[in-house]
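Notes for the one structure printed next.
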Amino acid sequence: MAWEILKFKPTAWNVDVSQSSLPDNAVNSLTSMDFFGGVARSLNRMVSYATPSTAPLTISSYSDDSSTYAGYAGASGTYAWGSTGQINTTPTTGLTGHTYWDSTAFGKWFVATNGKYPEVPHAISSSSTGTAGKMAPLPGWIANASTNLIRTHRNLLWAANLTESGIRYPTRVRWSTSAVTNALPSSWVVTAANDAGMVDLQFTGGQIVDMCGVGDVMYIGAPGGIWAARWVGGQYVYNFSQINGLQGPRAIRCMESMGDAGVVLTVNDLLVFDETSEFSISTGVVSTLIRQFTKAEILYVASVRQLYILYSLSGEDGYQHCLIWDRDSNTFGQRNLGITATASSAMIIPEQQVPLTWDTYPGIWNDAVNPWQTAQTIYFNYSAANGDGFYFSSNQPTDWLISRSKMPSVGNDVIRVRSIEPDIDGPSQPVWMRIGASDSLGEPIRWEQEKQFTVGDTVRNDTIAEGRYISWQVRGYGPVKLNGITLYYEPRGRKP
């Protein structure tokens, strides 16, 4: 009698639902894979290009028509990284290195603040960077004031969590006057004749830790909630309303704009929100994992519509892992960074220049006119950084794995699985696969022999696994797309 066939396409990763309750298309073990376009694919290695002069605690991209730089800051000051290498942009006075930083890009300007009273936010343009310039205080800044946060909205700059005349205002926000193209705002002092402003917001506890702009709305977040400031212009400039009084960003760089909506990482959830609604994208998928984070931040890569969630777990130093949420398929992937990125992530390449291309090693740009375009293709303009290097997703392979444990048989019958046959696309490379079985949920999996095959040849492991719950695993080292899995099986006692 012929063997029966079970075909399915792995399209989701779920670690919060019992493995025996998952649908066939869901997996519960994943390493260095995502589901881009609804297809499981392996992710490449994070590779270091150049060593920063200070471990970056913040990174922002800023550019003009002729040059692009990554501005960054850390314990020894501020720097820029571009086609000519690294440039020290720290001024001689007024802005020193610190253990806390925040930054934003305002057109061709890199704006940074260290939250250190009485030091003030500073800025530098891409043209000044190219001529070895130094950062300078923001024009028109409020006297005797420093700020922990600096952000961009429309043609204004925003500051939050301020210290003024030695007094902390942890829930105060200020915005500048409107700026003309390619210039910084001229003033932050509120007068009846300009559109600068200031508001003290009410939160249920804590301090403002992050902000993000979505269209005409600037969102202001503290762990105890989120406020929306909608641009109206005229005398009042912004209308304020509280949209969430229970939870908000867990820390700095935990709110991001996705163009038409915001996303916020709280202490126990990941929410997509706007002024009138919010919904969780983690519940029943990775919410248990999120509650285990000791440190985290998020980065939305608009060019591929994916959200990167960098995180560390108890006992780890810095970001060593990353969740990847694919917005179009509403699925999560996972990447082990293999580095200790203690500080920050950033989309440091303008979207119009994706895909990003580089030389092989040591990654120095060789095109002075368009320094981000050289030899190899990198499909993610994602970066993490620590004191050892700037890290990018490269075209170099890394170990990947996808697995499902304890798929129940129909009617909880004992079945015999003869073969696993993955449908894999990719260049010729070795892959390993195996199947296993168990008779109860509490019993360890009895894995059968793992065998190696080559992509492009027949990829099928013929071996017998027998039990009420079936497990499968495929792993490799290189770029692949896993289009589907076929299992050949029969009820126990039936002869093939």
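The values are calculated or read from the model by the stated rules, or taken from the named source; none is laboratory data. Model, not experiment: these values are computed from the prediction. Here the Cβ positions follow ideal geometry from the backbone for every residue, glycine too, while neighbour counts run over all protein chains shown. For the accessible areas, the whole protein counts, side chains as well, though only heavy atoms, and no ligand, DNA or RNA atoms are used. Shrake-Rupley method; radii C 1.70, N 1.55, O 1.52, S 1.80 Å.
How many percent of the alpha carbon pairs in region 185-241 exceed a separation of 17 Å?
44 percent
Over 19 Å between Cα atoms, which of 7/451; 9/451; 9/481; 9/406 qualify?
Cα-Cα > 19 Å for 7/451; 9/451; rest within.
Could you work out the relative contact order of the chain? I mean the mean sequence separation of Cα pairs under 8 Å and 6+ apart, divided by the number of residues, in percent.
Details: 1404 pairs, mean separation 83.8, N = 496.
Here the relative contact order equals 17 percent.
Tell me the Kirkwood radius of region 413-496: reciprocal of the mean inverse pair distance over distinct alpha-carbon atoms, in Å.
13.4 Å
Calculate the radius of gyration of the Cα atoms of region 1-145 to one decimal place, then report Dmax, the largest Cα-Cα distance, as a whole number, both in Å.
Reported Rg and Dmax, both Å: 23.7, 86.
I need the calculated FRET efficiency for the pair residue 483 and residue 180, taking r as the beta carbon distance and R₀ as 45 Å, to the nearest 0.05.
0.30
I'd like to check one number: the per residue accessible area of the chain, probe 1.4 Å, reported in Å² as a whole number.
Here the per-residue accessible area is 39 Å².
How much solvent-accessible surface does residue 488 expose, in Å² to the nearest 10, with a 1.4 Å probe and all protein chains in place?
Using a 1.4 Å probe on the heavy atoms, I get roughly 40 Å².
So if R0 is 51 Å, what FRET efficiency would residue 239 and residue 88 give, r being the distance between their Cβ atoms, rounded to the nearest 0.05?
0.75
Starting from the Cα coordinates of region 437-482, work out the convex hull volume and express it per residue in Å³.
Dividing the Cα hull volume of region 437-482 by its residues yields 99 Å³.
Based on Cα positions only, what radius of gyration and what Dmax would you give for region 137-276, in angstroms?
Spelled out, the Cα radius of gyration and Dmax of region 137-276 are 14.4, 44 Å.
Could you tell me what percent of the accessible area of the chain is made up of carbon and sulfur, with a 1.4 Å probe and every protein chain present?
Whole-percent figure for carbon plus sulfur exposure: 49.
How long are the three semi-axes of the equivalent ellipsoid for region 59-157, computed from the Cα gyration tensor as the root of 5 times each eigenvalue, in whole Å, largest first? Walk me through the intermediate numbers first.
On the way: eigenvalues 81, 47, 25 Å².
In descending order, the three semi-axes are 20, 15, 11 Å.
Project the alpha carbons of region 7-77 onto their principal axes and report the range along each, largest first, in whole Å.
Between the extreme Cα coordinates on each principal axis of region 7-77 lie 53, 31, 17 Å.
Based on Cα positions only, what radius of gyration and what Dmax would you give for the chain, in angstroms?
Considering the chain through its Cα atoms, Rg and Dmax are 25.6, 89 Å.
Which order do you get for 293, 240 if you rank them by accessible area with a 1.4 Å probe, largest at the top? Can you show the working numbers first?
On the way: 293 15, 240 55 Å².
Ranking 293, 240 by accessible area, largest first, yields 240, 293.
Using the Cα centre of the chain as the reference point, and only Cβ charges (+1 on K/R, -1 on D/E), how large is the resulting charge dipole? Debye, rounded to the nearest 20.
500 debye
Okay, helix-only estimate at 222 nm for the chain: each DSSP H run of n ≥ 4 adds -39500 (n - 2.57), divide by all residues, round to 500 deg cm²/dmol; what do you get?
One gets -500 deg cm²/dmol as the mean residue ellipticity at 222 nm.
Using modelled amide H (1.01 Å from N, peptide plane; none on Pro or chain starts), what sits under 5 Å from the amide H of residue 321, excluding residues fewer than 5 places away?
For residue 321, the qualifying residues are 311, 337.
Let me see the pair-distance distribution of region 137-185: every alpha carbon pair, 10 Å bin width, integer percents in order.
Each 10 Å bin holds this share of Cα pairs: 26, 54, 19, 1.
Near residue 134, which lysines are there with a Cα under 17 Å away, not counting those fewer than 8 places off in the same chain?
108
What's the extension gain from residue 17 to residue 199 if we count 0.36 nm per residue and subtract their Cα-Cα distance?
Residue separation times 0.36 nm, minus the Cα-Cα distance, leaves 61.1 nm.
Can you compute 3J(HN,Hα) from phi for each residue in region 126-136, using the Karplus curve 6.51 cos²θ - 1.76 cosθ + 1.60 with θ = phi - 60°, rounded to whole Hz and x for Gly and Pro?
5, 5, 5, 4, x, 10, 6, x, 10, 5, 10
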